[in-house]
Structures are given as C-alpha cells and as structure tokens.
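See below for the structure under consideration.
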Amino acid sequence: MSRRSRPDLALLLLLAVLATAGCVATPRSGAGVLEPIPETQKSGDWKSGDWELIWADEFDGDILDRSSWTVEVMPDPHNEELQYYPDRADDVPGSNVWVEDGLLVIEARREDYEHRRYTSARINTKGKREFRYGRFEARIRQPSAVGMWPAFWLLGADIDEVGWPACGEIDILEGKGRFPRWTSGAIHAGPDPDGNRIVSFSHLLERGNFQDSWHLFAVEWERDEIRWYVDEQHVFTVRKPVGEEPAYWPFDRGHPFFVILNLAVRGWFDRGHPPPDDMAPQRLLVDWVRVYRRPDAP
C-alpha cells in the first residue's frame with residue numbers, strides 16, 4: 001500500500017490469465033524480484049494446535065478501541081490518492097470510522113474537505129499492538145465503487161528509524177472496487193524507495209465476489225517464508241532465497257510489525273479509474289482482526 005508503480009497493461013494481462021488459471025504469481029519491480037512460489041492447496045486444520053490466539057479485536061463495543069488503534073491524520077497521502085484522512089471517529093460529526101453492530105466501519109465519501117474532494121480513514125496499531133511473526137487474519141467485506149482501494153496490511157515498526165521499504169511491508173489484502181471477484185497481496189523490501197522490490201500475486205474467486213459477502217484474508221509470516229490465504233485456501237507463498245541480501249528480506253530481523261486497515265480513493269493502484277462525481281458513500285466492513293502465534297514460539 002506504500003509508494004510504488006505498476007502498469008495497468010500488466011493488470012489487464014494478469015486478469016486474462018486469471019480467468020483460466022485461477023491464481024498466478026506476478027512479481028513486479030524495477031530492481032529485480034524474489035522467486036515466488038505459487039500454491040493452491042488447502043491450508044489444513046491450522047486451528048487445532050498449529051496456532052494460538054494472542055490478540056484480537058472483535059469490534060463488539062460501541063467505539064473504536066484506542067488502546068489498540070490510532071486514527072491517522074494524513075492531509076496528503078501517498079500513492080497519488082485523492083482522499084484526506086482526518087481523525088474523525090465514532091460519534092464525531094462526519095466520522096469516517098466507527099464501530100457499529102459488532103463491525104468496524106471505514107467510510108470513504110465524496111466530500112470537500114480542506115484541499116481534497118474525498119475523505120476516508122486509515123487506522124493502525126503502531127506502538128500499541130506490534131508482533132514478531134505469526135498468523136494475521138481479518139474477516140472483511142469490500143466496497144464496490146470504481147476507484148475504491150481497500151487494504152489490510154502490515155508495516156515494520158522500525159519505519160521511523162530505517163524508512164520505507166527497508167522496514168518491510170506485507171500486504172495481506174488489496175482490492176479494486178471495479179473488480180468484485182479480484183484480490184491481491186504483496187511484499188515490499190529494499191534499502192530505499194528507489195530500490196523498492198515487489199513480489200505480488202492476484203487471486204480470482206470462482207464463485208461470488210468480495211463485495212456482496214464476507215471473506216477471510218490471512219497471512220502466515222515466519223522467518224524465511226510468508227504464506228497467503230483466502231477463505232482458508234492457501235493461494236501464494238514467498239520464500240527467502242538462499243544468500244539473499246539482508247536489505248531485500250527484512251522479515252527475519254526480529255523487529256515487530258504493526259497492522260493497518262484503510263480505504264483509499266483511486267491512487268496509482270487503479271490509475272485512470274477515478275470514482276464517479278456522484279459516488280455514494282462506500283464502506284469497508286471488518287468483522288474482526290485476529291493474530292496468532294506458534295505455541296512453541298519464544
């Protein structure tokens with residue numbers, strides 16, 4: 001979800017492949033790529049002893065839990081995005097994020113706000129809930145308007161010291177409002193933004209879509225391997241290459257990562273497809289976020 005660029009032509013070619021293959025690895029970068037290992041096997045009975053729950057937010061209260069989450073303020077977000085991220089939460093007039101009926105709601109809307117024409121929200125657990133390795137999952141329902149960019153992702157907690165992408169980034173879910181059956185994930189690494197190396201994949205649902213029903217998105221992050229799951233189906237794996245330079249695998253240094261949920265408007269991820277001027281409010285709905293670890297983890 002951070003600064004990067006990918007040609008839309010590549011996306012169109014990818015979708016053509018997905019229509020027949022179901023899932024494909026699509027590494028992209030200006031500085032080389034790690035070797036992705038696509039897989040389509042079932043995740044197995046991971047709940048029966050492989051992992052133990054260490055933190056969760058079920059969003060069962062009346063307000064956002066500020067002991068776990070921070071509402072970010074971003075007047076000028078990255079990635080050519082169009083929205084303003086104000087700190088308007090819960091019962092504040094014009095709120096963009098709140099908890100209701102056991103759900104987290106993040107709402108993007110057409111709204112003139114200072115120098116922007118849209119508002120939305122981005123929340124994170126930085127400094128409050130940070131984790132070294134584990135299984136990270138959320139049950140999510142995505143918005144449907146053209147130009148919507150929902151995301152569920154992890155960022156290295158040492159970002160203020162080493163910068164991005166040296167801190168490491170793991171994108172568990174990134175969607176596009178105009179592609180209801182499509183989802184993607186990625187990792188980002190490198191010594192600096194110019195050396196940003198991306199390994200990404202896309203996944204296409206065989207039935208239904210991500211906007212009209214709930215779906216489970218998860219990542220299992222271990223020292224030398226990261227695995228993605230959609231509805232408990234194992235859809236993609238990236239493993240650390242032998243002899244990889246430390247700058248291009250910041251996922252085994254032992255520093256923690258924090259969780260981010262946000263809903264962006266347009267941006268480079270779907271450049272050329274802005275939302276309509278009369279866009280109705282769009283909502284990213286989250287039933288829960290849960291984090292697990294191995295029972296024998298230190």
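Things to note:
- Spin-label model, E52 to R294: label points 7 Å out along the Cα-to-beta-carbon direction sit 1.4 nm apart.
- Sparse packing (at most 14 other Cβ atoms within 10 Å of the Cβ) combined with a DSSP loop state is found for the following chymotrypsin sites (Phe, Trp or Tyr not before Pro) in the stretch 212-252: W214.
- Convex hull volume per residue, computed on the Cα atoms of the stretch 118-189, equals 122 Å³.
- The share of accessible area on the stretch 251-295 that comes from carbon and sulfur is 47 percent, using a 1.4 angstrom probe.
- Only aspartates and glutamates eight or more places from K176 in sequence, or on another chain, were considered; those with a Cα closer than 20 Å are D8, E80, E81, E107, E137, E206, D212, D231, D270, D277, D278, D287.
- Cα shape, the stretch 46-93, gyration tensor, a/c 1.5 rule: oblate
- Rounded to the nearest Hz, the phi-derived 3J(HN,Hα) couplings of the stretch 108-115 under the Karplus curve 6.51 cos²θ - 1.76 cosθ + 1.60 (θ = phi - 60°) are 9, 8, 6, 7, 6, 9, 6, 9, where x marks glycine and proline.
- Accessible surface computed residue by residue for the stretch 201-260, with neighbouring protein chains in place and a 1.4 Å probe, gives 38 Å² per residue.
- Cleavage-rule hits, GluC sites (Glu not before Pro), the stretch 197-298, DSSP coil, Cβ neighbours within 10 Å at most 16: E206, E232, E244
The values are calculated or read from the model by the stated rules, or taken from the named source; none is laboratory data. Just so you know, these numbers come straight off a predicted model, no measurement behind them. For neighbour counting, all protein chains shown are included, and Cβ atoms are generated from backbone atoms with ideal geometry for every residue, glycine included. For the accessible areas, the whole protein counts, side chains as well, though only heavy atoms, and no ligand, DNA or RNA atoms are used. Shrake-Rupley method; radii C 1.70, N 1.55, O 1.52, S 1.80 Å.
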